[in-house]
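Read through the structure below, which is laid out as structure tokens, and then see the notes.
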């Protein structure tokens, strides 16, 4: 393998790390070119000198929204209603059709989509020629039939993650998505994959700004039972599909899938095995899936990622931490910070960064969309991170992919990979041990 420094004689290894990290951040600040000279400027900063502020393009204009894409939403439960509310906030995503087999659900959905046509049968919605894109937000174990039908009908499809509750179903959906004609978009509901904040953090990891990742972890804590009540016994059983083995892939698959996917994405590899442990420790009812879990992803080369989740306590909520040899990165509430080691080399962009205190530590805020912030006359060092919810970014990007003809970051391959890992992590928890991952599960 050719050494990077041999191709650029005046850029040694230390400069390469600095220049790469500086390039990622400065590109986000306004596209300032970075070369050996810029690396020298970063080194000068380490000696106490201050870099000049990045240049801002006075002609920068935010991309206008594309043409409207008419949506149909299948499934009007709590997630379906959140999707309707989110689509209503987008400038080019009118909802023209709704579908649910439970009639009262239409009344609750009417406020967000008052002019949408109501269908009791999903096939009627798919036959509606006005519907261009479909969002499927039904229980995971029911995904396969409707997802395959939507793609066969020629609709663009946004399918909530996980893709399915079995590996066979997930692979069938992925195979159909892989075979779609050019221009027909399939996007899995892996919100982090389409979120600019997560892409922004990825730059710092891939350019070596945090050094070599030694370990990573994440958690999703929220005190809630997952149980929903209904005066109708059959309806209550249907509502509580997440509590039972035949229909649910538990906390690792239904919640942890997003964290586990981000860990694999940042590590740039698929794990070789997954370990799982857990139990029903808080909600002692007739449920069959654990309300508290620990999952460990085992990667080749010794890297491990730990994920914990509980429905018994909300302390510290959701977050992910990646520990590198030069710095750690914390991602929480759609924001991110870098915590540097005392022996880590200084990087030029640190001069401009906002710093927040975390008890005895100081975190450098990693602010996405800095070009837009600068164009608005603000300073990235003073700006808070984005406030839009991840679902809004995911659905907004879905519309963009349809209009631009670009492939989603959360495409069929990422969706299949995350789903298989979530399914097998849940199996590991049920088993209380290690489950090896067959590479064939990730291919179609």
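Annotations for the structure displayed:
- FRET E, pair residue 85, residue 229, Förster distance 30 Å, beta-carbon r, rounded to 0.05: 0.85
- The stretch 386-417 and the stretch 248-271 have their alpha-carbon centroids 17 Å apart.
- Separation between Cα centres of the stretch 272-304 and the stretch 167-212, rounded to whole Å: 24
- Most to least packed among 227-239, 178-190, 149-161, 273-285 [average Cβ atoms within 10 Å]: 149-161, 178-190, 273-285, 227-239
- Counting all C-alpha pairs of the stretch 239-342, share separated by more than 25 Å (%): 28
- The stretch 55-136: C-alpha gyration tensor shape, a/c 1.5 cut-off, then a/b vs b/c: prolate
- Among 121-131, 405-415, the peptide with the highest mean count of other Cβ atoms within 10 Å heads the list, and the full ranking is 405-415, 121-131.
- Within the stretch 153-180: backbone nitrogen closer than 16 Å to the residue 123 label point (7 Å, Cα to C-beta): 153-154
- Among 264-270, 194-200, 418-424, sorting by the average number of other beta carbon atoms lying within 10 angstrom of each residue, highest first, gives 418-424, 194-200, 264-270.
- One equal scatterer on each Cα of the stretch 138-293, no solvent, Debye formula: the resulting log10 I(q)/I(0) at q = 0.10, 0.17, 0.18 Å⁻¹ is -0.47, -1.17, -1.24.
Quick note: the coordinates plus some simple rules give every number you see, no bench work behind them. Since we're looking at a predicted model, the values are computed, not measured. Cβ: placed from backbone, ideal geometry, glycine included. Neighbour counts: every protein chain shown.
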